[in-house]
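Down below is the structure, laid out as structure tokens.
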Amino acid sequence: MGPFRVANALLEHPERLRAQAEEDGYLFFEGLLDPLRIAGLRTAFAEILERHGWLDPGTDRLELRSSRPAIVEGMEAYWPVLADFQRLEEFHALAHDPALVDLFEKLFGGAVLVHPRNIGRIMFPSTPPTPPHQDYVHIQGTPNTWTAWIPLMDIPPELGGLEVLPGSHRWGLLSVRRMPGAGGVGVSRSVDESQWVGGPFAAGDVLIFHSWTVHRGRPNRTSDRLRLSVDYRYQPVGEPVTADSLRPHFNRFDWEFVYRDWKSETLKYYWQRLPLQIVSYDPGLVRFAAEPGGQQEGERR
């Protein structure tokens, strides 16, 4: 695995920024966000995890120690924590941080839609890491949607992190198959292990990538520490966006539930003030058919 190419110097040169994004399908920035703001959100997340009994009693909540069996999406114990995460005003506000919006305005050369569907990630030790996949099958709308993956803590190699395949966005949309890990869907195409890039992360770092860029999670190899990160997504305002991308993650509650205790009105329903081209989500992009031997292969239309 090679290291990320650091793109901070390109922020003052938008044409070069766009050229590197077109070449690699990703951009990595060191210290783009204020570490104190990241620490504040991490503290808020840790308080929720402690309140729900996910952290080991008697430990410092900020160390995120947990020796309990893993809890993952779909388990009943997961949903109350998801709900509390989603109701955090600072969680959604971070997606609108001026440094992030300025970055994407330069990348797109115009106005930016910040997707309201934001995702908090919790990775237990022994949890299967997210398989190699492209985000487009989950997001759809315009392929020109970019994900910002932001760690809420320093992430040394033993805590894992995220890796990308540079240039894989130029392969187009790939067929899929069922795989363990978050999302449950991976690309069918074999990849050269030597081509992955990644590395340790520090709080304040930001990794962004195109919706066709193949990426994967790294396993959390610690014995008792959780890994926290968030996913935010961005696209040009005038390009198609699915109605699903304008709803809370997993669609288990509405925006009024999310907004119940917010102190500011500024970010409530902000996308409704924008000239959006809203399209439907096509579930046929993830369609599985039986393969010989009982494997499941995805086909896309």
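The values are calculated or read from the model by the stated rules, or taken from the named source; none is laboratory data. Keep in mind the model is a prediction, meaning the values are calculated, not measured. Here the Cβ is made from the backbone with ideal geometry for all residues, glycine too, and neighbour counts use every protein chain on show. Ligands, DNA and RNA are excluded from the accessible area calculation, which covers all protein heavy atoms including side chains. Shrake-Rupley method; radii C 1.70, N 1.55, O 1.52, S 1.80 Å.
Check every one of the strands (runs of 3 or more DSSP E) wholly within the stretch 178-228 and list those with 2 or more residues that are under 18 Å from L165 (Cβ atoms) and open to solvent by 20 Å² or more (accessible area, probe 1.4 Å).
215-218
What number of residues within the stretch 9-49 are under 28 Å from W79 (Cβ atoms) and among the aromatic types (F, W, Y)?
Selection size over the stretch 9-49: 1.
Select from the stretch 227-244 the residues that are in contact (Cβ under 8 Å) with a residue 40 or more places away in the chain and farther than 15 Å from A148 by Cα and list them in ascending order.
Within the stretch 227-244, R227, V237, G238, E239, P240, V241, T242, D244 meet the criteria.
Please indicate, with yes or no, whether at least one residue in the stretch 176-189 is more than 30 Å from L64 (Cβ to Cβ) and free of Cβ contacts under 8 Å to residues at least 40 places away in the same chain.
yes
Checking F250 against (1) assigned to a strand (DSSP E or B); (2) among the hydrophobic types (A, V, I, L, M, F, W, C); (3) open to solvent by 60 Å² or more (accessible area, probe 1.4 Å); (4) modelled with pLDDT under 95, which single condition isn't satisfied?
So F250 meets the others, but not (1).
Matching residues to (1) modelled with pLDDT under 95; (2) over 29 Å from L10 (Cβ atoms):
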position	(1), (2)
E163	no, no
H169	no, no
V176	yes, yes
R225	no, yes
L228	no, no
F257	no, yes
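From the set of residues in the stretch 45-59 that are in a loop (DSSP other than H, G, I, E, B) and open to solvent by less than 80 Å² (accessible area, probe 1.4 Å), which is farthest from I122 (Cα to Cα)?
So, considering only residues that are in a loop (DSSP other than H, G, I, E, B) and open to solvent by less than 80 Å² (accessible area, probe 1.4 Å), the one farthest from I122 (Cα to Cα) is T59.
I need a count of the residues in the stretch 253-267 that are surrounded by 12 or more Cβ atoms within 10 Å (Cβ to Cβ) and outside any helix (DSSP H, G or I).
Qualifying residue count, the stretch 253-267: 3.
Does L174 satisfy the criteria of being open to solvent by less than 10 Å² (accessible area, probe 1.4 Å), over 21 Å from E73 (Cα atoms) and either in contact with a strand residue (DSSP E or B) (Cβ under 6 Å, 6 or more places away or on another chain) or in a strand (DSSP E or B) (or both)?
No, not satisfied.
Checking the structure you have, find out if any residue of the stretch 141-153 is open to solvent by 30 Å² or more (accessible area, probe 1.4 Å), in a loop (DSSP other than H, G, I, E, B) and modelled with pLDDT of 95 or more.
yes
Among the residues of the stretch 5-44, count how many are in a strand (DSSP E or B), in contact with a helix residue (DSSP H, G or I) (Cβ under 7 Å, 6 or more places away or on another chain) and either open to solvent by 10 Å² or more (accessible area, probe 1.4 Å) or more than 24 Å from E90 (Cβ to Cβ) (or both).
Matching residues across the stretch 5-44 total 1.
Determine if the stretch 231-243 includes at least one residue that is within 14 Å of the chain's Cα centre (by Cα), under 19 Å from D84 (Cβ atoms) and not charged (D, E, K, R).
Checked the stretch 231-243: at least one residue is within 14 Å of the chain's Cα centre (by Cα), under 19 Å from D84 (Cβ atoms) and not charged (D, E, K, R).
Got a sec? Which of P35, P57, P80, P14 is closer than 30 Å to V185 by Cβ and not aliphatic (A, V, I, L, M)?
P80
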